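Have a look at the structure below, then the notes.
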Amino acid sequence: MSVILYEKQDNIGIITLNRPEKRNALNSAMIQGLGDYLHQAADDPEVKVILIRGAGEKAFTAGFDLKESMENNITDIVERRADTRSEVEFFKYLWYLPKPVISAVQGYCIGGGITISLMSDLIIAADNAAFGNPEIVLGYTPEIPVELWKLPMNKAMEWYFESKYFSAEELREIGVVNEVVPFEQLWDRALEVARLVAKVPGESMGMMKYCIRKVYDIRGFSNSLDFTAEMFNLSRTNMQKKDMQSFKASIESGGLKSALNERYN
C-alpha cells in the first residue's frame, strides 16, 4: 500500500497522506512522495488547485515519525545541517508554490502536520481537529516558525511554551483556520472550496501568490528560516542520546501519548 496517493478531479490535484494505521505519521517515504506529487501538480497545466488531506478519522498527520527520527538520530553538526536543509527546502517549495494549496484537516494535526497546514493557503478543518506540537517537550525548537507568522504573538507563546493544543474552533476565532465543519462534511466542503478557488485564472492566481509571499519576505519571513533552522540544529544536537533511548523505550512500552504524558507531567 502506497503511503501517499495522488489523483485529479477536474482541475484539482488531490494528495492523500495514506498511513492511517500510524495516524499518517510522516516518515521519509511520505515526505519524498509528498514532495514528488507537489512538483507533479505544480507542473501540470490542468491542475489549478492542490488539496492535501489525511486518510482516516484520527489524524491529518501526527507529525514526523518519532520512532524513525530516533533510530536515525543525527548528532554530527554537518550531517544535522544537511538533513535540516533538505526539510526546510521541502517546506519552502510548498510555501512558494505558485498554485493555491488547501489543507483539509481532521483529528490530530501535530508537528510537521502543523507546518504543512499553516504553510497552505487555506485550512478547512473538521470539528474534531486538534492542532499542537508536543515535540517541544522533547527539547525540539521550531524548525520553521510559521506559527509566529500566522498566530497572534501571545497565542504563539502558548503554543511554544505550554505545548498547548488548540481546537479547530479556537484557531478559526483567531483567523488561522478558515472554516470548521462537522467531520462528515469535511471532504465535501474542502472540494467545494477547491472548485471555487479553481475558478480564478491560473495566471492571476500565480501573480497573487507571488505578491503575497513577497510581502512576507519583505517583512523577514525567508531570512527567519535560516536562523530558526540553525537553532533547531543546535537543539537536536544538544539532546542527549541516552535521553532519546529512554524516551524510545517509553514509547515502545506504553505508546507515544503515554510517553509524552510521562515526560511532560
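Structural remarks
- Most to least accessible of MET205, MET30 (protein chains only, probe 1.4 Å): MET205, MET30
- Cα coordinate range in region 63-202, projected on the principal axes (Å, largest first): 48, 34, 28
- Whole-number Å³ per residue for the convex hull built on Cα positions in region 1-140: 109 Å³
- Net charge of Cβ neighbours under 13 Å - reference TYR216; Lys, Arg +1; Asp, Glu -1: +4
- Area of THR115 that stays accessible when all protein chains are in place (1.4 Å probe, Å², to 10): 20 Å²
- Environment charge of GLU147, counting only residues whose C-beta is closer than 14 Å and scoring Lys/Arg +1, Asp/Glu -1: -2
- Among the trypsin sites (Lys or Arg not before Pro) found in region 1-42, not one is both in a DSSP coil and sparsely packed, with 16 or fewer other Cβ atoms within 10 Å of its Cβ.
- Qualifying GluC sites (Glu not before Pro) in region 152-225, DSSP loop, other Cβ atoms within 10 Å at most 15: GLU162
- Accessible area of SER28 (1.4 Å probe, protein heavy atoms only, ligands and nucleic acids ignored): about 70 Å².
- Protein-only accessible surface order, largest first, of SER224, SER117 at 1.4 Å: SER224, SER117
- The chymotrypsin sites (Phe, Trp or Tyr not before Pro) of region 157-242 include none that meets both criteria, a DSSP state outside H, G, I, E and B (loop) and at most 14 other C-beta atoms within 10 angstrom of the site's C-beta.
- Here the extension length gained between ILE77 and GLU169 equals 29.1 nm, from 0.36 nm per residue of separation less the Cα-Cα distance.
The values are calculated or read from the model by the stated rules, or taken from the named source; none is laboratory data. Only a predicted model underlies this, so the values are computations on that prediction, with no experimental measurement involved. In this analysis, Cβ positions are derived from the backbone assuming ideal geometry, glycine residues included, and neighbour counts consider all displayed protein chains. Accessible surface areas use protein heavy atoms only, side chains included; no ligands, DNA or RNA. Shrake-Rupley method; radii C 1.70, N 1.55, O 1.52, S 1.80 Å.
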